[in-house]
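Below is one structure, written out as structure tokens; comments come after it.
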Amino acid sequence: MKFRPLHDRVVIRRAEGDIKSKGGIIIPDNAKEKPQEGEVIAVGPGARDEKGALVPLDVKAGDLILFGKWSGTEVKIDGEDLLIMKEADIMGVIEKRVEAKKAA
């Protein structure tokens, strides 16, 4: 990607939403609810505190995150629909379960 976010901004690829409901009904695009999960694609260097020191971000590229329903700004970069938002709009990081793979 040829885009680098500034300050405490993060570029996110939204997770794919379900095409069918639980009952098997196909949901058209305009009626689908947009997922509130996504993968971090790129992060800025961080914000500055009151003293001017750089505060790094808590998220990194590759993290799976949960964000607010109306968070971020939708943009198109390299033909792909992405979101740009501030780190404060991110509610948390979803941990990937390694234990489940070991048990299987």
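Criterion first (out of contact with any Asp or Glu (no Cβ under 8 Å at 6 or more places or on another chain), modelled with pLDDT under 90 and not polar (S, T, N, Q)) does PRO28 satisfy it? Spelling it out, PRO28 is indeed out of contact with any Asp or Glu (no Cβ under 8 Å at 6 or more places or on another chain), modelled with pLDDT under 90 and not polar (S, T, N, Q).
So that you can scan it fast, the table gives a plain yes or no per residue for (1) in a strand (DSSP E or B); (2) at pLDDT below 80; (3) exposed (fewer than 15 other Cβ atoms within 10 Å of the Cβ):
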position: LEU6; (1), (2), (3): no, no, yes
position: VAL11; (1), (2), (3): yes, no, no
position: GLU16; (1), (2), (3): no, yes, yes
position: PRO35; (1), (2), (3): no, yes, yes
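Might you let me know whether segment 60-69 holds any residue that is within 10 Å of ILE12 (Cβ to Cβ), of a type in the set (A, V, I, L, M, F, W, C) and part of a loop (DSSP other than H, G, I, E, B)? Taking every residue of segment 60-69 in turn, none turns out to be within 10 Å of ILE12 (Cβ to Cβ), of a type in the set (A, V, I, L, M, F, W, C) and part of a loop (DSSP other than H, G, I, E, B).
Exactly one residue out of GLU74, GLU80 is at pLDDT 90 or above and under 23 Å from LYS2 (Cβ atoms): that is GLU74.
The values are calculated or read from the model by the stated rules, or taken from the named source; none is laboratory data. Keep in mind that this is a model prediction, so the values were computed, not measured. For neighbour counting, all protein chains shown are included, and Cβ atoms are generated from backbone atoms with ideal geometry for every residue, glycine included.
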